[in-house]
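Okay, so here's the structure we're looking at.
Read-outs: derived from the displayed coordinates by stated rules, not from any lab. Since we're looking at a predicted model, the values are computed, not measured. Counting neighbours? That spans all protein chains shown, and the Cβs are built from the backbone with ideal geometry, glycine included.
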Amino acid sequence: MRARAIVVTATAALASVLVGCSSSGEPDEIRVTVTETVTPGSETATADPTQQADSKSSGTSPMRTVQKFSLEGDDEYDPMAGTVTVLSYQQPVPSHVSAAEEFDAKGFVWAALEVKVCATEGEFTTSSLPWTLSYDDGARIEPSSSTYDDFPKPEYVEDAPVVAGDCSRGKIVFPVPGNKRPAKALYSTDDSPTLRWSLS
């Protein structure tokens, strides 16, 4: 048996993106639960979980809420499980190249979503592509395909192998309209329900 690798299927810019973990075409059995809330601190600090999230919520959790995911093993892949959370959101963030210039989109600015993904069982590879920003009007924006040396640090590392007991934390930069704030951060893969965090 071998560890799962995340296979990416990307759509056009500023559209939603999905990432799969199975090559068979059939989804593995998925269990996703919101389990714990992290003690609030500074925008980028991390902390230990302290309380249970409300299981009767609308499916959107506050920032810093830790959500769990797991995939059952089979003859081809080892089981995999982990946790995901949104630690902070900052808009705008400075760079020597503006988002408006980069994407030829008047009024756009850079924004940074700080996330943390941990493995509790098995091994997987990280990617920023499951992450999107969602607006109240239905618009969704995917991460920037460009990166610059002066983007906020630490940057989220692409294709980082994460094994049980390890985490990957960093900031993902998005080009966003400067006159409004996204309502939610979404984490979506082919094999699991979409996880949601409120950014308000």
Q. How long are the three semi-axes of the equivalent ellipsoid for region 82-200, computed from the Cα gyration tensor as the root of 5 times each eigenvalue, in whole Å, largest first?
A. 25, 17, 11
Q | All lysines inside 16 Å of Lys180 as judged from Cα atoms, apart from same-chain residues fewer than 8 positions distant | A | Lys106
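I need the peptides 171-179, 190-198 ranked by packing, meaning the mean over residues of other C-beta atoms within 10 angstrom, with the highest value on top.
Working: 171-179: 20.9, 190-198: 19.1.
Listed from highest to lowest mean packing, they are 171-179, 190-198.
Roughly speaking, what is the stretch gain from Asp136 to Gln90, that is 0.36 nm per residue apart minus the C-alpha to C-alpha distance, in nm to one decimal?
Working: separation 46, 0.36 × 46 = 16.56 nm, distance 1.79 nm.
Stretched fully, the Asp136-Gln90 segment lengthens by 14.8 nm.
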